[in-house]
Amino acid sequence: MFDLDLWREIFQSINKNRTRSLLSGFTVAFAILLFAILFGIANGLKNTFKEAFGTDANNSIIVYPGRTTKANNGLQAGRQIQFKNEDEQFVLDEFGEKVQYITSKVNRSVTASFKGEKNNYELRAVQPDYMFIENNKVSDGRYINQNDLDNRTKVAIIGRIVNDDLFLKESAIGKYINLSGIPYKVVGVFTDDEGDNEERVIYIPITTAQFVYGNNDYIDLLHLTYNPDMNVDEALSFGSLLTKKLKDRFSVANSDQRAIRVQNMAQGMKQVDIMTFSLTVIILVIGLGTLIAGIVGISNIMIFIVKERTKEIGIRKALGASPKSIVSIILIESVLITTIAGYVGLLVGVGVLEIAGPSLETYFIKDPGVSNSLVFGATFTLIIAGAIAGYLPAKKASQIKPIVALRND
Amino acid sequence: MLKINQLHKSYPIGDSSLHVLKGIDLTVDEGEMVAIMGSSGSGKSTLLNIIGMLDEADEGEYILDGLPIKNLTEKKAAVYRNKFLGFIFQSFNLINYKTALENVALPLYYQGMKRKERLEKALFHLEKVGLANWSHHLPKELSGGQKQRVAIARALAANPKLLLADEPTGALDTKTSYDIMAFIQQLNDEGKTILMVTHEEDIANMCKRIVRLRDGVIMEDKKVEQVRAEQYV
Ligand SMILES: Nc1ncnc2c1ncn2[C@@H]1O[C@H](COP(=O)(O)OP(=O)(O)O)[C@@H](O)[C@H]1O
Ligand SMILES: [Mg+2]
């Protein structure tokens, strides 16, 4: 039931005892403010940390062949391992459903020229899946497709920087770019969020490269992404198994670290997970600490308020106030102040993060922010704490004999 | 009006206890105006507080308006205090952040009276004590005598059967004291039962009966010729 008179009593008490109200409100607002800011900063650190790991698919695995360092199965050390097209097929046959995307790759360095402009770039001969593995975006034209692979078309997809360097203001699409003496038709321009170096690259179909650079089916390396449904541990064991199978396939000793190298991003992910977990723990400790400080603050204030109001309670009781009315007047007042102050602290905290956020990027804090539900949760916790902290002394005060309360000066 | 039988009260002091009231017998009828006298520390306030249900006796019987007062819950006690009793304290005990009018209206709030009605009634009582023009002032803006008048108006607001006053003139100068006494006498003339603690002979003589306490018992209980306060005003 809405008791207007009760609320009038409460508002009068809050309004007429401004110092007291402001003081208790300030504690709560400050606790929530601190909570929001600390949490936001910690989240910003987390974001920076995540971003440092690039925008490449972070479930990628790269397999490089190398030279054996150990004799095995009657084969000598120092043997060069060479991957061929059939090895990609082997991986797919063995691990089909564990592989999300896969591409074979041939890497070269080329001199590219168009009209008067000329420069050296990295050439990557790949398959269509590579677009997803590298997280490339095609800004103009198209990417490599199956038709290119089947027909060994001489087409090139060039990075944004290559486009800017060589084609100046012209559109590159449909033009012929000369790569170390062979003309390729530019069919696409791509961008990569990871940075300029990833845009100083030219892609061509791998079958074309194999034909042009030796008319064979050699590949330099395999680049794949594992099924994202796998967790880090599953991904790690998938990586080990992949290594093992390939070593067996090429009669490489198990202990040989160089002949077949597997670079599994899951390894890094594991470390990221550990880091993220540590950060989360730190954040939780900070958050909990702030909250506990806030709760202790409110409890103290409530005890102080009840003490300060003891005489008033005595007067009210002498005039016929029931214990219940005493408790509710103190309790509702404290909850009201906590709620309003908590909301103010929340607004200020979120506002500070919003305003100061962008300038914090130099300190490795990116997009600091807190979820609304989290701050609401914190505010709610403080309200409950304030209510409990207020209830106990209020209950006690409502129970003491009026004469004892009246004697309090 | 009230009947007290063999009332005892002690206060614990450290390990021992101080026996303040050692068997009080007292009967007060409706319409009486009684002064409770005695030297400082003789237990006057203690007795009045027990009568006013602000404190509890250890032993003995206390019947107020036919109701035995014993082991009441705080909730019940609150209702009785509100309905039967009006208090006037030496230190006024007004709520400092409430105006005179709001202070007077407070007992009516606890009666559950509607705001408009209780403010009207409070103003009526303030008028009666001559403070209608001060209704929106805070206690700190009032003189001692004015504060005590507000306290009297507040005690009267709920129309109690019994008015209890603990040294109502104790904090006032002589002239103001007589002013207040004149008013209390007027209330008694109108039929209100009044019980008043004082240690001043002249104030006590303005009542109709004097009860003297000493060492925790009543040593004298006599009717007196009432001295009217108006003549000094
Ligand atoms: N709460 C208390 N605790 C201990 N002693 C008390 C308490 N209240 C009163 N007393 C003692 O009881 C005696 C009577 O007090 P009181 O009734 O206030 O006397 P009076 O009003 O006659 O001056 C005094 O000695 C006083 O010190
Ligand atoms: Mg006294």
**Message:** When you scan region A:100-114, do you find a residue that is surrounded by 15 or more Cβ atoms within 10 Å (Cβ to Cβ), out of contact with any strand residue (DSSP E or B) (no Cβ under 6 Å at 6 or more places or on another chain) and at pLDDT 90 or above, even just one?
**Reply:** no
**Request:** Consider residue A:327 carefully, then state whether it is open to solvent by 10 Å² or more (accessible area, probe 1.4 Å), over 19 Å from residue A:34 (Cα atoms), assigned to a helix (DSSP H, G or I) and β-branched (Val, Ile, Thr).
**Result:** yes
**Message:** Being within 16 Å of ligand 1 (Cβ to nearest atom) and either without any contact (Cβ under 8 Å) to a residue 60 or more places away in the chain or more than 14 Å from chain A (Cβ to nearest Cβ) (or both) is the filter here; which residues of region B:182-200 pass it?
**Reply:** B:195, B:196, B:198, B:199, B:200
**Message:** Just checking, does region A:313-320 include any residue being among the basic types (Lys, Arg), touching a Lys or Arg at 6+ places or on another chain (Cβ under 8 Å) and open to solvent by less than 30 Å² (accessible area, probe 1.4 Å)?
**Reply:** yes
**Request:** Test residue B:33 against the stated conditions and say whether it is in contact with a Cys (Cβ under 6 Å, 6 or more places away or on another chain) and more than 9 Å from chain A (Cβ to nearest Cβ).
**Result:** yes
**Flag if residue B:122 is open to solvent by less than 20 Å² (accessible area, probe 1.4 Å), more than 9 Å from chain A (Cβ to nearest Cβ) and under 13 Å from residue B:156 (Cα atoms)** = yes
**Complete:** Just one listed residue, out of B:11, B:80, is surrounded by fewer than 22 Cβ atoms within 10 Å (Cβ to Cβ) and in contact with a Ser or Thr (Cβ under 7 Å, 6 or more places away or on another chain), and it is B:11
**Message:** Here is a check on your reading of the model: is residue B:175 in a helix (DSSP H, G or I), more than 22 Å from residue B:49 (Cβ to Cβ) and within 14 Å of chain A (Cβ to nearest Cβ)?
**Reply:** no
**Asked** Can you list the strands (runs of 3 or more DSSP E) found entirely within region A:170-228 that contain at least 3 residues being within 27 Å of the chain's Cα centre (by Cα)?
**Response** A:221-226
**Message:** Out of B:91, B:135, B:143, I need the residue that is touching a residue at least 60 places away in the same chain (Cβ under 8 Å) and either more than 24 Å from residue A:313 (Cβ to Cβ) or surrounded by fewer than 24 Cβ atoms within 10 Å (Cβ to Cβ) (or both). Which one?
**Reply:** B:91
**Message:** Based on this model, can you work out whether residue B:77 counts as away from ligand 1 (no atom under 16 Å from the Cβ) and either of a type in the set (Phe, Trp, Tyr) or within 22 Å of residue B:150 (Cβ to Cβ) (or both)?
**Reply:** no
**Message:** I'd like to check something: does region B:208-226 contain any residue that is buried (at least 18 other Cβ atoms within 10 Å of the Cβ), more than 16 Å from ligand 1 (Cβ to nearest atom) and more than 23 Å from residue B:84 (Cβ to Cβ)?
**Reply:** no
**Asked** Which members of region A:11-26 meet the condition of being more than 46 Å from the chain's Cα centre (by Cα) and either assigned to a helix (DSSP H, G or I) or on the phi > 0 side of the Ramachandran plot (or both)?
**Response** A:12, A:13, A:16
**Asked** Could you say which residue among A:281, A:296, A:252, A:262 is over 19 Å from residue A:8 (Cα atoms), open to solvent by less than 20 Å² (accessible area, probe 1.4 Å) and more than 14 Å from chain B (Cβ to nearest Cβ)?
**Response** A:252
**Asked** So, in region A:40-57, of the ones that are part of a loop (DSSP other than H, G, I, E, B) and modelled with pLDDT of 60 or more, which residue ends up surrounded by the most Cβ atoms within 10 Å (Cβ to Cβ)?
**Response** A:53
**Request:** Kindly indicate whether any position in region B:40-49 is away from chain A (no Cβ under 14 Å), away from ligand 2 (no atom under 14 Å from the Cβ) and modelled with pLDDT under 95.
**Result:** no
**Matching residues, region B:143-161, being closer than 18 Å to residue B:33 by Cβ and touching a helix residue (DSSP H, G or I) at 6+ places or on another chain (Cβ under 6 Å)** = B:148, B:156, B:160, B:161
**Asked** Across region B:187-200, what is the number of residues that are within 16 Å of ligand 2 (Cβ to nearest atom) and closer than 18 Å to residue B:162 by Cβ?
**Response** 4
**Prompt:** residue B:52: under 28 Å from residue B:187 (Cβ atoms), within 15 Å of ligand 1 (Cβ to nearest atom) and either touching a residue at least 60 places away in the same chain (Cβ under 8 Å) or acidic (Asp, Glu) (or both), yes or no?
**Reply:** yes
**Item:** residue B:203 vs. criteria away from chain A (no Cβ under 14 Å) and either away from ligand 2 (no atom under 16 Å from the Cβ) or in a strand (DSSP E or B) (or both)
**Value:** no
**Item:** Subset tally (residues that are within 16 Å of ligand 1 (Cβ to nearest atom), closer than 15 Å to residue B:88 by Cα and out of contact with any Leu (no Cβ under 6 Å at 6 or more places or on another chain)) for region B:27-43
**Value:** 2
**Message:** Please list, ordered by residue number, the strands (runs of 3 or more DSSP E) wholly in region B:1-92 having 3 or more residues that are touching a Phe, Trp or Tyr at 6+ places or on another chain (Cβ under 8 Å).
**Reply:** B:2-13, B:16-28
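The values are calculated or read from the model by the stated rules, or taken from the named source; none is laboratory data. Being a predicted model, the structure only gives us computed values, none of them experimental. Here the Cβ is made from the backbone with ideal geometry for all residues, glycine too, and neighbour counts use every protein chain on show. In case anyone asks, the SASA skips ligands and DNA or RNA and just uses the protein heavy atoms, side chains included. Shrake-Rupley method; radii C 1.70, N 1.55, O 1.52, S 1.80 Å.
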